[in-house]
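Presented below is the structure to which this report refers.
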Amino acid sequence: MADERAPEVFGGQARTFPGSDDAALRWLMSAATLSDLKWLDRLWSFTEATSGLRAPHGRRLWWRLRYGRCTFFICHEPGEFRTVEPREPHDFIEDAPEPTNGLGLSTLVKSVVERIQIPAWDEDSLALQAAARVLTEDPEGAAARGFDEFGTIAETARANPVEQLQPAIESLQRHCLMQFKTPADRFSPALTLVLLQGTLGQWFDRCDYGDSFPLLEELVKRARRDDPTGIKQAIGDYGNNGYDAGKHWLSGALAAPGAVPAVRRLLIAHDSFRRAEHLRQLNDRFECGAVLKYSETVVNEGATCALSGVLTGVEFFVTSPDEYVERVRQHLSVRGRASTLRTLASPLSPTHPKIFAMALVAAAEAINPESIDKHTTSVLIGLSRFYDQEPYPEAILEMSWIDHRLMKIFRQRGQTHEEERYRTRLAARVAMDLHFRNNPPR
Amino acid sequence: MEHSSDQLETAVLDELGIDVYSAYESERYFLSPEALHHIALALIAEFFVGLLGVEAFGAALREKLVGCMRTFRAREIGTASYSDAGLMTELLTDARRASGSADVLNREPEATRELAAALVHFGMDPAVAQQHAHRLAALLLDEVRRPPQ
């Protein structure tokens with residue numbers, strides 16, 4: 001039974017927005033498999049519990065969180081995450097409250113899964129299966145099975161010549177990361193291990209890819225002794241490539257037409273930055289001498305930006321569209337258009353694709369009937385036309401979202417003819433979506 | 001058509017992306033909107049001062065721009081003195097006016113080199129700085145040669 005209190009996709013209006021269930025499922029699963037789900041739940045409920053709390057006057061409030069052997073410091077206002085204790089005179093540190101039975105990320109995923117329609121695409125079926133795995137099984141067991149599959153693909157890479165390493169890497173990303181079989185934070189070191197083993201031609205006979213760090217360290221230590229030139233070259237190449245790829249995919253997420261391709265690109269960006277980060281750490285620790293063109297801070301921030309884009313994007317899917325647009329309007333009234341657009345879609349805050357952020361801002365500007373001007377409407381109409389040219393599955397949600405918003409604006413204005421036009425477009429999209437759900441393309 | 005100063009600031013920051021954190025060596029710090037504005041203003045100033053010469057700008061503005069570029073290179077970003085949005089508009093107005101008469105194409109390589117040097121001072125790897133400088137130069141050069149809105 002679905003929990004009545006748990007949020008639904010778009011506040012229960014998913015049926016009006018074709019594609020929203022599928023996109024929500026994929027986005028939430030991307031968030032839920034970034035790391036261990038228990039830790040993500042802890043982080044989520046901590047954020048819920050503390051976001052309204054303020055620091056004593058003139059001080060900056062930091063929350064201390066412990067996870068395993070690690071300690072983190074999080075500040076909400078202004079938002080910042082540190083691994084080192086803040087020590088400025090105005091810093092004020094409090095232990096994070098213990099989690100209550102509040103809403104965690106797993107509750108959101110559960111709620112979406114329980115209410116979702118039949119997925120339209122094969123990939124969605126896989127996302128649904130992944131969600132079931134995460135929610136109903138022992139998550140550690142599910143991850144272990146995911147890493148077994150990872151190991152099988154890695155074995156194929158071992159059997160093939162080094163020139164075929166790249167297709168194996170792409171296969172690992174597609175089958176394990178994109179299908180949510182392995183937590184992202186353990187996938188990246190595992191992929192780094194495959195890359196280094198393949199390049200150096202030094203494979204471990206037995207490999208637990210679910211816990212790759214000790215093996216990575218052993219491999220680099222051994223290669224530093226036996227093949228210093230090879231390890232220097234490999235770390236330099238893969239580190240710098242990871243950093244370039246991370247930037248490329250982060251920009252790609254912002255340039256995506258819709259949420260589905262955007263979150264896919266954010267996951268790859270996150271993975272690329274994390275690999276660059278691990279290689280930098282190994283390079284420093286074992287003094288391999290590789291020349292890396294990025295600092296630890298830059299790749300850490302890159303990974304954090306991609307990760308926070310995925311996490312903050314969840315909010316869009318579990319909030320009613322009107323409420324979400326109202327939040328954008330409030331931001332707009334305080335910070336202005338440029339700052340709002342940057343908060344919604346920029347490399348440091350990649351919550352939405354840029355094109356859709358424009359639609360959100362135009363919709364927010366249109367909330368007040370007196371302030372609706374021709375410019376705002378023409379922005380939305382222009383975006384609607386742009387989306388008409390996009391391939392169907394990648395941006396169906398964004399298409400219907402904009403049509404829905406235009407229909408509402410024309411209704412507010414009493415322009416019945418125009419309202420009817422967008423109602424018809426929306427109905428056609430719903431029909432098309434239903435058709436594809438019953439006849440999935442092969 | 002010309003970008004507004006806000007749009008240009010966004011385009012500059014988008015080009016830098018996560019490399020905007022290059023100023024920090026180990027710890028991560030929050031980059032306030034004021035700090036981001038300071039960074040964008042300094043880079044736009046670096047290029048146009050290199051392209052058009054510092055004399056192209058009015059005396060009061062010139063003093064501010066020189067301070068802004070100096071603090072950027074010293075990685076002292078986010079100071080309130082450069083958070084005034086009007087500075088960017090003033091800078092762009094003067095740059096557009098001066099670019100009509102200046103020999104901009106001949107001076108562009110030198111201005112791009114100065115921009116790359118400023119990014120290296122800011123903490124960027126020289127090769128990365130070079131890439132950003134070239135793309136920023138193309139963006140900014142295009143800006144002064146666009147017809148007004």
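The values are calculated or read from the model by the stated rules, or taken from the named source; none is laboratory data. Because the structure is predicted, anything quoted here is derived from the model rather than measured. In this analysis, Cβ positions are derived from the backbone assuming ideal geometry, glycine residues included, and neighbour counts consider all displayed protein chains.
Some observations on this one:
- A:Lys354 satisfies every condition listed in (1) in contact with a strand residue (DSSP E or B) (Cβ under 8 Å, 6 or more places away or on another chain); (2) at pLDDT 95 or above; (3) more than 20 Å from A:Asp388 (Cβ to Cβ) except (3).
- Test: residue in the range A:200-219 that is basic (Lys, Arg), more than 14 Å from chain B (Cβ to nearest Cβ) and farther than 17 Å from A:Ala290 by Cβ: yes
- Test: residue in the range A:371-378 that is part of a helix (DSSP H, G or I), at pLDDT 85 or above and among the β-branched types (Val, Ile, Thr): no
- Selection over the range B:103-130 of residues that are aliphatic (A, V, I, L, M) and touching a residue at least 40 places away in the same chain (Cβ under 8 Å) gives a count of 7.
- Residues in the range B:3-17 that are over 12 Å from the mean Cα position of the chain (by Cα) and either more than 8 Å from every other protein chain (Cβ to nearest Cβ) or not in a helix (DSSP H, G or I) (or both): 2 in all.
- For A:His90, the criteria (1) under 27 Å from A:Ala303 (Cα atoms); (2) modelled with pLDDT of 85 or more hold in every case but one, which is (1).
- Some residue of the range A:303-314 being more than 13 Å from the chain's Cα centre (by Cα) and of a type outside the set (Ser, Thr, Tyr): no
- The condition of being surrounded by fewer than 17 Cβ atoms within 10 Å (Cβ to Cβ) and assigned by TED's automatic domain parsing to the domain that holds A:Ala142 holds for A:Pro161.
- Restricting B:Arg145, B:Arg73, B:Arg62 to residues that are surrounded by 14 or more Cβ atoms within 10 Å (Cβ to Cβ) and in contact (Cβ under 8 Å) with a residue 12 or more places away in the chain narrows the list to B:Arg73.
- Here is the figure for the range B:75-88: residues that are over 16 Å from B:Leu31 (Cα atoms) and assigned to a loop (DSSP other than H, G, I, E, B) total 1.
- Comparison of A:Gln202, A:Gln129, A:Gln166 shows that the only residue that is in the same structural domain as A:Ile116 (by TED's automatic domain parsing) and either of a type outside the set (Val, Ile, Thr) or assigned to a helix (DSSP H, G or I) (or both) is A:Gln129.
- Residue within the range B:100-114 that is assigned to a helix (DSSP H, G or I) and in contact with a Pro (Cβ under 6 Å, 6 or more places away or on another chain) present: no
- Residue check, A:Arg280 away from chain B (no Cβ under 14 Å) and over 23 Å from A:Gly79 (Cα atoms): no
- In the range A:342-359, the residue that is nearest to the other protein chains (Cβ to nearest Cβ) out of those that are among the hydrophobic types (A, V, I, L, M, F, W, C) and touching an Asp or Glu at 6+ places or on another chain (Cβ under 9 Å) is A:Leu348.
- Pick from the range A:283-295, criterion within 11 Å of chain B (Cβ to nearest Cβ) and touching a residue at least 24 places away in the same chain (Cβ under 8 Å), ranking: farthest from B:Leu31 (Cα to Cα): A:Val291
- Which listed residue, of A:Val298, A:Val334, is within 13 Å of chain B (Cβ to nearest Cβ) and surrounded by fewer than 19 Cβ atoms within 10 Å (Cβ to Cβ): A:Val334
- Some residue of the range B:55-74 being more than 14 Å from the chain's Cα centre (by Cα), within 14 Å of chain A (Cβ to nearest Cβ) and assigned to a loop (DSSP other than H, G, I, E, B): no
- Within the range A:218-238, the set of residues being within 22 Å of A:Phe147 (Cβ to Cβ) and surrounded by 15 or more Cβ atoms within 10 Å (Cβ to Cβ) comprises A:Leu219, A:Val220, A:Tyr238.
- When the criteria are applied in full, A:Glu140 fails the requirement of being of a type in the set (D, E, K, R) and within 18 Å of A:Leu195 (Cβ to Cβ).
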